[in-house]
Amino acid sequence: MRWLIVVSVVFVAACSPSVPPAPSYPDRIAAERTNKDEMFRSGKDSPLRPGDRDKFLPLAYFPIDESYAVPAQLQPAAERVSAQVPTSTGQTREMVRLGTLVFTVKGQPLKLAAFSEEGSPNLFVPFTDLTSGTETYQAGRYMNLEPTPTGIYVVDFNIAYHPYCYYNADYDCPFPPGENRLKVPIRAGERLRKADTMVPR
């Protein structure tokens with residue numbers, strides 16, 4: 001009887017469905033980019049006008065580079081103050097400055113202010129860098145980070161994306177504040193197509 005039990009356990013274990021391995025970091029980022037292309041091409045929330053889809057798609061990116069995904073500490077603002085942030089349509093958008101993300105990329109200490117918009121729990125991190133206007137959209141790029149209870153985040157420039165006003169001037173996009181103008185090139189995330197050198201706002 002004991003032998004039968006052992007054999008049965010082994011048989012059940014051998015026949016149990018295997019758990020697929022988690023995708024690698026590059027595979028996950030690549031899949032997210034593919035899904036975004038599909039949404040931009042056929043999704044009802046696509047910012048692209050029908051006549052512009054072939055112009056922009058597939059979206060262009062720098063090669064995936066895990067060294068641009070780094071831990072960051074959020075230093076909370078002493079007081080959460082609302083700020084009127086200028087936008088691409090000449091208006092202003094009210095945002096709350098939550099604090100400063102402190103991190104290091106390729107040995108370079110960096111800081112970025114993080115904001116929140118009404119109705120969103122995420123940290124909104126707009127920025128420019130030394131690629132802005134040549135290799136990436138001149139008005140900057142964005143990152144959205146989900147809130148954490150520890151104040152420790154992963155700043156991942158591989159997910160940095162162009163605002164919707166890059167594709168369609170009808171969209172209202174906040175400009176990065178002066179403190180978020182990085183003095184280094186960030187060659188990760190979305191970029192201009194190599195055929196483009198400058199796209200007007």
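The values are calculated or read from the model by the stated rules, or taken from the named source; none is laboratory data. In this text the structure is predicted, and so the values were computed from the model without any measurement. Please note: Cβ atoms are built from the backbone with ideal geometry, for glycine as well, and neighbour counts cover all protein chains shown.
Based on this model, can you work out whether P47 counts as in contact (Cβ under 8 Å) with a residue 40 or more places away in the chain, over 30 Å from T150 (Cα atoms), out of contact with any strand residue (DSSP E or B) (no Cβ under 8 Å at 6 or more places or on another chain) and not charged (D, E, K, R)? So P47 fits the description; yes. Right, R33: part of a helix (DSSP H, G or I), modelled with pLDDT of 95 or more and closer than 24 Å to S132 by Cα or not? Yes. For region 138-145, check the following and say yes or no: at least one residue is of a type in the set (K, R), in a strand (DSSP E or B) and surrounded by 17 or more Cβ atoms within 10 Å (Cβ to Cβ). Yes, region 138-145 contains at least one residue that is of a type in the set (K, R), in a strand (DSSP E or B) and surrounded by 17 or more Cβ atoms within 10 Å (Cβ to Cβ). From the list L112, L145, L74, L130, the lone residue that is more than 23 Å from P26 (Cα to Cα), of a type outside the set (G, A, S), under 15 Å from the mean Cα position of the chain (by Cα) and modelled with pLDDT of 95 or more is L112. Scanning region 87-106 for residues that are surrounded by 14 or more Cβ atoms within 10 Å (Cβ to Cβ) and within 17 Å of R181 (Cα to Cα) turns up T87, S88, R97, G99, T100, L101, V102, F103, V105.
Scan region 45-56 for residues that are in a loop (DSSP other than H, G, I, E, B) and either crowded, with 17+ Cβ neighbours inside 10 Å or more than 21 Å from the chain's Cα centre (by Cα) (or both) and jot them down. Those that are in a loop (DSSP other than H, G, I, E, B) and either crowded, with 17+ Cβ neighbours inside 10 Å or more than 21 Å from the chain's Cα centre (by Cα) (or both): S46, P47, L48, R49.
Across region 133-142, which residue is nearest to T100 (Cα to Cα) among those that are over 15 Å from the mean Cα position of the chain (by Cα) and small (G, A, S)? Among those that are over 15 Å from the mean Cα position of the chain (by Cα) and small (G, A, S), it is A139.
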